[in-house]
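The values are calculated or read from the model by the stated rules, or taken from the named source; none is laboratory data. None of these values were measured; they are calculated from a predicted model. Backbone-built Cβ (ideal geometry, glycine too); neighbour counts: all protein chains shown.
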Protein chains: 2
Amino acid sequence: MTIDDVIQEALKIYKPTLREEEALLEIADKIISEVGRESSGYSGILKTSLEGSLAKRTWVRGREEVDVFVHFYPTIPHDEMESKIIDLGFKVLEKLGGKPRLMYADHPYVESRLENVVVNIVACYSVEPPNWISATDRTPYHTRYILEKMDQSLRDDARLMKAFMIGCNVYGAEIKIRGFSGYLAELLILNYNGFKNALEAISNWRPPIIIDIEGYYNSYSEVLSLFPKQSLIVIDPVDKFRNVASAVSEERLYELILASKLFLRSPSLKFFKVGRHLPKRSNLEKKTRNRNFIAVFFRLSKSKPPDILWGEIKKSEQGIKRSLEKNGFRIYRTASWTDEEKNCLIILELEYSMLPRIIIHEGPPVTHPNVLEFIDEWSRREEKVAGPWISGSRLYVLKKKQLIDVKKILKRDIEEGRVALAKGLAEDIKNGRIFTSIERLMKYKQLSVFLGEFLDGKPPYL
Amino acid sequence: MTIDDVIQEALKIYKPTLREEEALLEIADKIISEVGRESSGYSGILKTSLEGSLAKRTWVRGREEVDVFVHFYPTIPHDEMESKIIDLGFKVLEKLGGKPRLMYADHPYVESRLENVVVNIVACYSVEPPNWISATDRTPYHTRYILEKMDQSLRDDARLMKAFMIGCNVYGAEIKIRGFSGYLAELLILNYNGFKNALEAISNWRPPIIIDIEGYYNSYSEVLSLFPKQSLIVIDPVDKFRNVASAVSEERLYELILASKLFLRSPSLKFFKVGRHLPKRSNLEKKTRNRNFIAVFFRLSKSKPPDILWGEIKKSEQGIKRSLEKNGFRIYRTASWTDEEKNCLIILELEYSMLPRIIIHEGPPVTHPNVLEFIDEWSRREEKVAGPWISGSRLYVLKKKQLIDVKKILKRDIEEGRVALAKGLAEDIKNGRIFTSIERLMKYKQLSVFLGEFLDGKPPYL
């Protein structure tokens with residue numbers, strides 16, 4: 001297929017029909033009226049509005065979301081706004097028959113699924129740029145900006161870009177993904193004037209990349225000094241001091257670059273497809289042979305918003321990795337999974353599952369004041385196997401390690417509080433179970449897709 | 001014992017008696033007369049003289065050497081001098097009942113054992129400083145300098161220093177040791193005015209150390225720029241452009257510093273003793289448990305002077321080490337042994353004797369022009385286990401290694417000429433045998449002392 005064929009096919013799949021659009025807007029209307037009606041019972045609220053991809057007409061079929069923004073007067077204190085939006089959100093969504101959940105992005109909002117659509121009730125302050133009070137205050141301006149700048153065709157290209165990013169696993173600014181937000185996808189389409197152009201540009205990106213659509217800055221160096229160490233800088237057209245891409249991780253950035261290269265070389269619908277396949281048992285044995293894993297499976301003692309949970313999981317994943325490295329293990333890869341409700345898994349692939357029994361221990365240089373103490377100490381120590389000898393200007397000994405099994409070492413370090421776990425998960429992880437066998441983990445059915453992907457260890461489009 | 005007690009005891013052991021001295025000088029006289037007589041049959045020879053520790057009266061009892069120098073006219077070409085000294089040396093030493101051997105220091109000389117004394121017949125040019133032609137031309141000046149500067153007491157201290165260095169395994173400038181020459185030991189005694197003072201100074205050395213007895217230089221920086229990267233610089237009193245300590249390795253230098261510290265803290269005769277003990281079989285099993293070794297045992301197809309042989313062995317030892325490291329092995333220690341006639345051994349201690357079956361392979365950055373070729377190549381490769389995935393800006397894959405056993409890998413690399421062996425030993429090493437078991441090597445009785453010391457891996461005084 002040519003690239004244009006693929007794009008046509010993708011549009012058929014990911015662009016909603018007129019009928020679908022109308023139905024969705026009808027639902028949104030109903031919700032907004034309900035929020036408006038209900039909000040009259042709270043002081044400090046100016047109005048409600050529809051924002052996000054639905055308002056901008058840039059949503060991807062199958063990923064419908066209704067973002068209802070409740071605009072507060074700037075005089076309302078933040079904690080009062082928070083408690084009001086939670087109260088209001090739960091009330092409206094329950095009334096409409098949903099099961100509301102408290103969520104966190106930059107500040108709390110309430111989410112529920114209603115008639116197969118995700119509905120978010122979000123608070124913002126009604127302010128003029130650049131007098132932002134909370135992070136969501138910019139959203140109405142984003143909506144207005146995109147609506148103003150994008151014609152029908154660019155909006156469809158924004159849908160394509162989002163669908164492409166979804167298929168390549170780089171879509172979403174939340175901590176779980178650390179990828180590209182919807183607004184960022186739209187700005188890329190706007191900047192490069194269409195999907196094909198954008199992919200071609202992205203495929204040639206050599207970070208750091210600077211995109212300043214409104215031309216707020218005169219030089220790259222000015223931008224780079226304002227946003228140091230960022231590989232992708234997309235200046236927000238409604239706020240010149242904000243990098244829309246600040247949440248994008250290196251990995252997601254380079255994954256998108258690679259996906260663009262591959263797509264342009266061989267255009268295919270597979271780049272858009274969210275294909276999760278169950279690994280076969282027979283393959284599993286072959287895929288895990290000779291490989292070394294360690295995984296901690298644990299249950300949450302209390303529920304928390306996904307962004308909080310994922311932040312804690314990622315922090316704990318890094319803590320476990322660093323703790324094992326400090327013990328002398330080499331870590332090839334790490335990953336985490338959660339159903340965001342009850343069960344979590346942190347998994348690492350290692351070079352060896354055992355440390356060497358005999359390790360080299362570096363002592364002080366011979367000229368160090370403590371050198372004789374070192375000699376004395378190691379003439380007594382039972383664990384010494386050979387030495388001390390001198391290499392270069394330093395002393396070395398070989399010593400025998402008692403504990404060399406990764407499972408036992410991790411268990412001990414977690415129990416003794418030596419692993420830098422997220423506070424909110426420390427107890428749950430202590431009560432968790434440590435696995436070294438993928439086969440055993442596979443018994444948890446819900447893990448099998450994740451584990452299959454982890455074993456393969458490659459982007460979905462490869 | 002106090003330090004003075006130990007010194008008194010050591011002098012009793014290592015200082016020859018007057019009677020021994022007389023007997024030795026008698027032997028030396030006999031040899032010199034014989035060399036003198038015989039040399040009259042060669043043109044170009046000016047005279048013969050006694051040099052070295054015997055002439056300087058600084059030899060250590062039990063290490064008697066008679067160094068006979070044959071002085072050639074500067075007009076004699078170097079190769080002519082070489083062939084003459086070899087011819088003359090073999091003739092005289094055979095006539096006196098010895099079994100002469102060709103040796104190399106900086107140039108050829110002839111050695112033999114006669115009446116339990118080592119006799120060296122060495123050639124030099126009769127020149128005035130600084131018109132040196134060959135490396136040995138300075139020796140007569142060294143003899144004269146030491147005789148002039150040292151009284152009886154300092155000469156005894158020089159014997160002590162040499163005995164101490166022998167006991168600590170740091171004595172000898174030859175490639176096998178890369179330690180302190182006799183002349184260097186004498187200069188240290190001279191510079192610090194005695195054995196005790198010298199040890200105290202050495203125990204506080206923080207390299208680089210500069211010793212310029214004759215005060216040829218005005219500043220340290222001048223010396224350091226003339227002898228860059230040298231940790232110990234002892235300016236030769238008879239040649240300001242020569243560092244007498246240039247052959248001293250870092251290890252020997254720091255071993256002497258450490259030995260001085262330890263001796264001063266607890267003076268003992270053990271620092272002087274050359275104690276070689278056979279390891280017990282029962283200890284052996286305990287000492288080798290959990291440790292990983294690889295050793296190449298090989299026989300010399302032709303004999304060569306020790307300094308040449310040791311140079312080749314050390315080069316090959318480094319070549320094997322680097323080759324194994326390139327394969328991914330971590331080497332803790334290396335050592336070599338030879339009887340200097342027929343049998344050689346190179347041994348290494350390793351962290352593991354097997355590589356991990358699965359290793360991580362780093363690919364190009366995503367922005368590299370060849371990135372798609374990398375992807376294509378690794379989508380075909382059978383050995384791929386997982387990936388490619390992106391970490392940071394780079395691609396990685398996990399791949400399966402076929403050959404992971406150190407013995408097989410070293411065998412293959414030696415056979416395929418991939419190991420940087422000394423040319424003069426390459427064939428002999430190829431025909432050698434690779435061992436991973438110390439027990440098996442122990443069957444070669446002559447190796448047992450060396451292997452016992454290697455297993456302990458510490459200086460003799462510890």
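Contact map, segment A:40-65: residues that are at positive phi and in the same structural domain as A:LYS84 (by TED's automatic domain parsing) paired with residues that are outside any loop (DSSP other than H, G, I, E, B) and of a type in the set (Phe, Trp, Tyr), Cβ distance under 8 Å, separation 6+ or inter-chain. Pairs shown: A:GLY44/A:PHE72; A:GLY62/A:TYR14. Going through segment A:157-191 one residue at a time, which ones are surrounded by fewer than 21 Cβ atoms within 10 Å (Cβ to Cβ) and out of contact with any strand residue (DSSP E or B) (no Cβ under 9 Å at 6 or more places or on another chain)? Within segment A:157-191, A:ASN169, A:GLU174, A:ILE175, A:ARG178, A:LEU190 qualify.
Per the conditions (1) closer than 24 Å to B:ASN169 by Cβ; (2) part of a helix (DSSP H, G or I), the sole criterion not satisfied by B:LEU462 is (2).
Please go through (1) without any contact (Cβ under 8 Å) to a residue 60 or more places away in the chain; (2) surrounded by 12 or more Cβ atoms within 10 Å (Cβ to Cβ); (3) hydrophobic (A, V, I, L, M, F, W, C) for B:LEU24 and return the number of the only condition it doesn't satisfy. B:LEU24 satisfies all of (1) without any contact (Cβ under 8 Å) to a residue 60 or more places away in the chain; (2) surrounded by 12 or more Cβ atoms within 10 Å (Cβ to Cβ); (3) hydrophobic (A, V, I, L, M, F, W, C) except (1). Out of curiosity, is B:ASP4 in the same structural domain as B:GLU128 (by TED's automatic domain parsing), surrounded by fewer than 19 Cβ atoms within 10 Å (Cβ to Cβ) and assigned to a helix (DSSP H, G or I)? So B:ASP4 does not fit the description; no. For residues in segment A:225-239 being closer than 19 Å to A:MET161 by Cβ and more than 14 Å from chain B (Cβ to nearest Cβ), which is farthest from the chain's Cα centre (by Cα)? Going through the qualifying residues, I end up with A:PRO237. Number of residues in segment A:243-262 that are of a type in the set (Ser, Thr, Tyr) and farther than 20 Å from A:GLY457 by Cα: the value is 1.
Among the residues making up segment B:228-240, those that are assigned to a strand (DSSP E or B) and farther than 23 Å from B:ARG252 by Cα are B:ASP239, B:LYS240. Screening B:LEU309, B:LEU324, B:LEU355, B:LEU345 for residues that are surrounded by fewer than 19 Cβ atoms within 10 Å (Cβ to Cβ), on the phi < 0 side of the Ramachandran plot and not charged (D, E, K, R) leaves exactly one candidate, B:LEU355. Scanning segment A:438-459 for residues that are part of a loop (DSSP other than H, G, I, E, B) and surrounded by 12 or more Cβ atoms within 10 Å (Cβ to Cβ), we see that the one that is farthest from the other protein chains (Cβ to nearest Cβ) is A:TYR444. Any residue at all in segment B:401-417 that's surrounded by 17 or more Cβ atoms within 10 Å (Cβ to Cβ) and small (Gly, Ala, Ser)? Within segment B:401-417, none of the residues are surrounded by 17 or more Cβ atoms within 10 Å (Cβ to Cβ) and small (Gly, Ala, Ser). When B:TYR104 is tested against (1) surrounded by fewer than 19 Cβ atoms within 10 Å (Cβ to Cβ); (2) at pLDDT 95 or above; (3) aromatic (Phe, Trp, Tyr), just one condition goes unmet, and that condition is (2). Scanning segment A:52-82 for residues that are in contact with a Pro (Cβ under 6 Å, 6 or more places away or on another chain) and not in a helix (DSSP H, G or I) gives a single hit, A:ARG61.
Residue-wise test of (1) within 14 Å of chain B (Cβ to nearest Cβ); (2) within 17 Å of A:PRO460 (Cβ to Cβ); (3) out of contact with any strand residue (DSSP E or B) (no Cβ under 6 Å at 6 or more places or on another chain).
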position	(1), (2), (3)
A:ALA201	yes, no, yes
A:TYR220	no, no, no
A:VAL223	no, no, no
A:PHE241	no, no, yes
A:LEU264	yes, no, yes
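Does B:GLU427 count as part of a helix (DSSP H, G or I), out of contact with any helix residue (DSSP H, G or I) (no Cβ under 8 Å at 6 or more places or on another chain) and within 14 Å of chain A (Cβ to nearest Cβ)? Considered against the rule, which asks whether it is part of a helix (DSSP H, G or I), out of contact with any helix residue (DSSP H, G or I) (no Cβ under 8 Å at 6 or more places or on another chain) and within 14 Å of chain A (Cβ to nearest Cβ), B:GLU427 comes out as no.
Could you say whether any residue in segment A:203-210 is closer than 17 Å to A:ILE3 by Cα and over 19 Å from the mean Cα position of the chain (by Cα)?
Yes: one or more hits.
Please go through segment A:282-312 and give me each residue that is among the polar types (S, T, N, Q), touching a residue at least 12 places away in the same chain (Cβ under 8 Å) and away from chain B (no Cβ under 14 Å), ordered by number. Correct list: A:SER301, A:SER303. Among the numbered conditions (1) assigned to a strand (DSSP E or B); (2) away from chain A (no Cβ under 14 Å), the only one that B:LEU421 does not meet is (1).
Being closer than 29 Å to B:VAL397 by Cβ, touching a Cys at 6+ places or on another chain (Cβ under 6 Å) and among the polar types (S, T, N, Q) is a description that applies to A:THR338. Taking the conditions (1) free of Cβ contacts under 8 Å to residues at least 60 places away in the same chain; (2) among the small types (Gly, Ala, Ser); (3) within 13 Å of chain B (Cβ to nearest Cβ) in turn, A:ALA335 satisfies each one other than (1).
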